[in-house]
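Asker: Submitted below is the structure of interest, expressed as structure tokens.
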Amino acid sequence: MILDYRAFDTFGESNVLFVATITVLVLLHFNKKQSKAVSETQEISKRQAKEAALDRSFEPKNDPILQCVAKFLVPLILIFGIYVVLNGHLSPGGGFSGGAIMGAGLILYLNAFGFEKTERFFTEKTYKWISFAALTTYCLCKTYSFYCGANHLESHIPLGIPGHILSSGLILILNICVGCVVTCTMYTFYVMFRKGDF
Amino acid sequence: MGSNLIVNYGEAVAMILFVIGFANLLLQNNLIKKIIGLNIMDSAVYLFLAEKGYIVGRTVPIVVNGVQSVEAYINPIPAGLVLTGIVVSVSVSALMLSLTIRLYRRYHTLNLDEIAALLQKEGL
């Protein structure tokens with residue numbers, strides 16, 4: 001439903017998420033650079049450092065229980081998220097729910113193993129490219145008919161048998177795009193609020 | 001009136017939640033508590049939409065074992081609207097929280113009155 005005749009609505013939602021992430025990135029990044037450039041009084045910076053150290057002391061550092069649980073749970077959560085995304089047109093679920101599940105899995109991995117492990121495969125650049133590619137694909141899939149002069153409600157992709165995984169034309173592709181955007185957004189929000197930087 | 005209230009208890013709960021959230025948003029001095037109040041208001045609206053969208057005796061609009069009559073399914077549009085609202089509220093919360101973080105780093109307080117006093121001292 002949300003990806004068929006309300007697809008432009010969903011496109012707008014994805015863009016809202018994207019814009020919100022960019023704004024958060026701008027706000028928290030900019031602050032860091034500014035506070036470095038402007039030399040504050042020593043007392044305040046000392047207090048800030050103390051508070052930051054206090055914050056850090058509550059974070060799990062190489063916690064064996066968390067790591068052991070995460071080792072089992074993270075692949076299961078990620079696979080379940082992918083299942084929800086891919087079955088979005090057949091069952092309850094879809095891009096948003098699946099993306100949120102995958103984002104939660106990534107956050108659990110990050111909490112268990114620290115930033116060094118996740119920075120090997122997910123940095124600001126990754127976020128930028130995945131979001132850009134997903135949004136562009138979504139946009140092209142839904143607006144190509146504007147440029148070809150055809151009625152976009154008709155689909156050229158064979159519809160297949162209802163109930164099979166390749167049975168709904170564009171909706172599978174759109175679900176995957178939305179799932180990518182939501183996963184990246186969840187993870188980026190968490191990283192930005194936790195560390196203020198990638 | 002009383003009997004209607006009991007039948008539509010979901011809507012009644014949604015209204016109470018909305019008022020609680022609105023009071024929080026207006027009366028609290030702490031910025032984080034204001035944001036929590038706004039989120040409670042959001043949840044009340046979703047509860048109201050979901051409650052209104054469900055019709056007793058009909059099933060979810062997913063085609064299993066062939067298409068049945070139109071009467072068998074509920075309309076999926078309220079659920080879609082709730083989804084839209086959730087996504088937007090996540091974005092708005094993140095935006096407000098990051099702005100609050102910046103305010104805290106600037107003034108070292110979350111109390112709106114103190115921030116206003118500091119602003120007056122700066123001549124703004």
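The values are calculated or read from the model by the stated rules, or taken from the named source; none is laboratory data. None of these values were measured; they are calculated from a predicted model. No Cβ is skipped: glycine too gets one built from the backbone with ideal geometry, and neighbour counts run over all protein chains shown. Accessible surface areas use protein heavy atoms only, side chains included; no ligands, DNA or RNA. Shrake-Rupley method; radii C 1.70, N 1.55, O 1.52, S 1.80 Å.
Asker: Here are the criteria: (1) in contact with a Phe, Trp or Tyr (Cβ under 8 Å, 6 or more places away or on another chain); (2) at pLDDT 85 or above. Tell me which single one B:LEU17 does not satisfy.
Answerer: All conditions are met except number (1).
Asker: Looking at A:LEU66, A:LEU90, A:LEU25 in this structure, which one is at pLDDT 80 or above and either open to solvent by 40 Å² or more (accessible area, probe 1.4 Å) or among the β-branched types (Val, Ile, Thr) (or both)?
Answerer: On the way: A:LEU90 fails: at pLDDT 80 or above; A:LEU25 fails: either open to solvent by 40 Å² or more (accessible area, probe 1.4 Å) or among the β-branched types (Val, Ile, Thr) (or both).
When all the criteria are applied, what remains is A:LEU66.
Asker: Within segment A:75-83, is even one residue farther than 30 Å from A:LEU170 by Cβ and assigned to a helix (DSSP H, G or I)? Steps first, answer last, please.
Answerer: Filtering segment A:75-83 for residues farther than 30 Å from A:LEU170 by Cβ gives none.
Among the residues of segment A:75-83, not one is farther than 30 Å from A:LEU170 by Cβ and assigned to a helix (DSSP H, G or I), which makes the answer no.
Asker: OK, next. Any residue in segment B:70-78 that is open to solvent by less than 80 Å² (accessible area, probe 1.4 Å) and either in contact with a His (Cβ under 9 Å, 6 or more places away or on another chain) or touching a residue at least 60 places away in the same chain (Cβ under 8 Å) (or both)? Break it down stepwise before answering.
Answerer: Keep residues of segment B:70-78 that are open to solvent by less than 80 Å² (accessible area, probe 1.4 Å), which gives B:72-74, B:76-78.
Okay, now just the ones that are also either in contact with a His (Cβ under 9 Å, 6 or more places away or on another chain) or touching a residue at least 60 places away in the same chain (Cβ under 8 Å) (or both), so none.
No: segment B:70-78 contains no residue that is open to solvent by less than 80 Å² (accessible area, probe 1.4 Å) and either in contact with a His (Cβ under 9 Å, 6 or more places away or on another chain) or touching a residue at least 60 places away in the same chain (Cβ under 8 Å) (or both).
Asker: While we're here: Test B:VAL87 against the stated conditions and say whether it is within 14 Å of chain A (Cβ to nearest Cβ), within 20 Å of A:GLY94 (Cβ to Cβ) and assigned to a helix (DSSP H, G or I). Please lay out each step first, then the result.
Answerer: Details: within 14 Å of chain A (Cβ to nearest Cβ): yes; within 20 Å of A:GLY94 (Cβ to Cβ): yes; assigned to a helix (DSSP H, G or I): yes.
It is true that B:VAL87 is within 14 Å of chain A (Cβ to nearest Cβ), within 20 Å of A:GLY94 (Cβ to Cβ) and assigned to a helix (DSSP H, G or I).
Asker: With (1) at pLDDT below 75; (2) open to solvent by less than 60 Å² (accessible area, probe 1.4 Å); (3) not β-branched (Val, Ile, Thr) as the list, and A:GLU119 as the residue in question, which single condition is left unmet?
Answerer: Checking A:GLU119 against (1) at pLDDT below 75; (2) open to solvent by less than 60 Å² (accessible area, probe 1.4 Å); (3) not β-branched (Val, Ile, Thr), the one that fails is (2).
Asker: Could you identify the single residue in B:LEU31, B:LEU95, B:LEU103 that is at the interface with chain A (Cβ under 10 Å from one of its Cβ atoms) and at pLDDT 80 or above? Step through it out loud before you land on a result.
Answerer: On the way: B:LEU31 fails: at the interface with chain A (Cβ under 10 Å from one of its Cβ atoms); B:LEU103 fails: at the interface with chain A (Cβ under 10 Å from one of its Cβ atoms).
Going through B:LEU31, B:LEU95, B:LEU103 in turn, the sole match is B:LEU95.
Asker: What are the pairs with Cβ atoms under 6 angstrom where one residue, in segment A:55-84, is within 15 Å of A:PHE113 (Cα to Cα) and the other, located anywhere, is assigned to a helix (DSSP H, G or I) and at pLDDT below 85? Sequence gap at least six, or different chains.
Answerer: Cβ pairs passing all conditions: A:PRO60/A:LEU66; A:LEU66/A:ALA112; A:GLN67/A:ALA112; A:ALA70/A:ALA112.
Asker: May I pose another question? Taking segment B:69-84, which residues are in contact with a helix residue (DSSP H, G or I) (Cβ under 7 Å, 6 or more places away or on another chain) and assigned to a helix (DSSP H, G or I)? Outline the logic, then answer.
Answerer: Keep residues of segment B:69-84 that are in contact with a helix residue (DSSP H, G or I) (Cβ under 7 Å, 6 or more places away or on another chain), which gives B:74-75, B:78-79, B:81-84.
If the condition is that a residue be in contact with a helix residue (DSSP H, G or I) (Cβ under 7 Å, 6 or more places away or on another chain) and assigned to a helix (DSSP H, G or I), then B:PRO78, B:ALA79, B:LEU81, B:VAL82, B:LEU83, B:THR84 are the ones that fit.
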